[in-house]
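Only the coordinates and a few stated rules stand behind these numbers; no lab work does. In this text the structure is predicted, and so the values were computed from the model without any measurement. With ideal geometry, Cβ positions are generated from the backbone for all residues, glycine too; neighbour counts draw on all protein chains shown.
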Amino acid sequence: LRGLERDGFVTRTVFPIIPPRVDYELTDLGYELLVPVGALGEWARKNTERVKAARARFDGLHA
């Protein structure tokens with residue numbers, strides 16, 4: 001999360017209470033990233049079987 005904060009994708013808000021509380025929220029940049037990341041996730045779901053088949057072929061040739 002600290003890396004995402006550093007890169008500007010999330011903001012971090014610390015509340016000085018006991019027990020401690022920290023909230024994270026997407027920035028505008030973080031919300032923009034949802035579109036390509038969502039597309040990549042959808043592609044991965046649609047192509048899982050193709051990737052598994054490629055791995056099986058590779059493993060069969062390199063066993």
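Brief remarks follow.
- In the chain, the longest principal axis of the Cα atoms and the axis of helix 28-46 are about 20 degrees apart.
- With a cut-off of 13 Å between beta carbons, the residues surrounding ALA63 carry a summed charge of +1, where Lys and Arg count +1 and Asp and Glu -1.
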